[in-house]
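Since the structure comes first, as structure tokens, the remarks are kept for the end.
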2 protein chains.
Amino acid sequence: MSMSEELKQLRAQVDEINVELLNLLSRRAELTKQIGDVKTAQGVNKFDPVRERDMLDTIVSSNPGPFDNDTMRHLFKQIFKASLDLQQQDHQKALLV
Amino acid sequence: MSMSEELKQLRAQVDEINVELLNLLSRRAELTKQIGDVKTAQGVNKFDPVRERDMLDTIVSSNPGPFDNDTMRHLFKQIFKASLDLQQQDHQKALLV
């Protein structure tokens, strides 16, 4: 297999994973929106640092690499932040209705 | 179903997705390491802004929401950056051998 053929095949696999990541991130965002709604109904704070820390601990405890734990933490923190922003936008919209 | 039961079930689904994301991100990182090796052998630059832009365009063109396109772009850019850092660490290690 030529080098550029190899590169092409590897890239095709990355493209497939991108689609899977897109779909998982979107499903996760839907779930966190629902969680935001439940929390609004309960009148509890949406930011829950203990829950976030627990999720991060669970994630890095089964991190197979090659990303190191700090990198994986960073990526998931970005996802958590985006989810919280989404919950807060939703809440803002609800207040404006 | 009580509110906290509902919250528990939603969180369990988020936990499952976290594991799937962890595994996909790790598989993706492995692939980009291999891509880095091929590029090193070819003597080409690892940072490829055209490829990154193409991937981002493809991703947002099928973004189902609820994250908006800017958020999705941001999350994927973080993944790309982490992958490039990994390729560069690898290259650095190879130079030190």
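The values are calculated or read from the model by the stated rules, or taken from the named source; none is laboratory data. Everything numeric here is computed off the predicted structure, so don't read it as measured data. Here the Cβ positions follow ideal geometry from the backbone for every residue, glycine too, while neighbour counts run over all protein chains shown.
Given the options A:53, A:27, name the one that is at pLDDT 95 or above and more than 7 Å from chain B (Cβ to nearest Cβ).
Result of the check over A:53, A:27: A:53.
I'm checking my understanding of the structure. Among residues of region A:57-66 that are assigned to a helix (DSSP H, G or I) and surrounded by 13 or more Cβ atoms within 10 Å (Cβ to Cβ), which one is nearest to the other protein chains (Cβ to nearest Cβ)?
Within region A:57-66, the match that is nearest to the other protein chains (Cβ to nearest Cβ) is A:59.
Would you check if residue A:28 is within 19 Å of residue B:67 (Cβ to Cβ) and among the charged types (D, E, K, R)?
It is true that residue A:28 is within 19 Å of residue B:67 (Cβ to Cβ) and among the charged types (D, E, K, R).
Run residue A:43 past the list (1) touching a Ser or Thr at 6+ places or on another chain (Cβ under 7 Å); (2) on the phi > 0 side of the Ramachandran plot and report the number of the one that doesn't hold.
(1)
Can you find, within region B:1-51, the residue that is surrounded by the most Cβ atoms within 10 Å (Cβ to Cβ) among those that are among the hydroxyl-bearing types (Ser, Thr, Tyr) and more than 19 Å from residue B:72 (Cα to Cα)?
B:32
Only one of (1) surrounded by 15 or more Cβ atoms within 10 Å (Cβ to Cβ); (2) farther than 19 Å from residue A:85 by Cβ fails for residue B:72. Which number is that?
Of everything listed in (1) surrounded by 15 or more Cβ atoms within 10 Å (Cβ to Cβ); (2) farther than 19 Å from residue A:85 by Cβ, residue B:72 misses just condition (2).
For region B:30-47, enumerate the residues that are more than 9 Å from every other protein chain (Cβ to nearest Cβ) and within 14 Å of residue A:8 (Cα to Cα).
B:36, B:37
Residues to consider are A:10, A:21; find the one that is at pLDDT 95 or above, of a type in the set (A, V, I, L, M, F, W, C) and under 20 Å from residue B:17 (Cβ atoms).
Sole residue among the options that is at pLDDT 95 or above, of a type in the set (A, V, I, L, M, F, W, C) and under 20 Å from residue B:17 (Cβ atoms): A:21.
Let me confirm something: among A:54, A:85, A:90, which residue is surrounded by 13 or more Cβ atoms within 10 Å (Cβ to Cβ), within 17 Å of residue B:16 (Cα to Cα) and not β-branched (Val, Ile, Thr)?
Going through A:54, A:85, A:90 in turn, the sole match is A:54.
Taking only region A:67-97 into account, find how many residues are within 9 Å of chain B (Cβ to nearest Cβ), at pLDDT 90 or above and in a helix (DSSP H, G or I).
11
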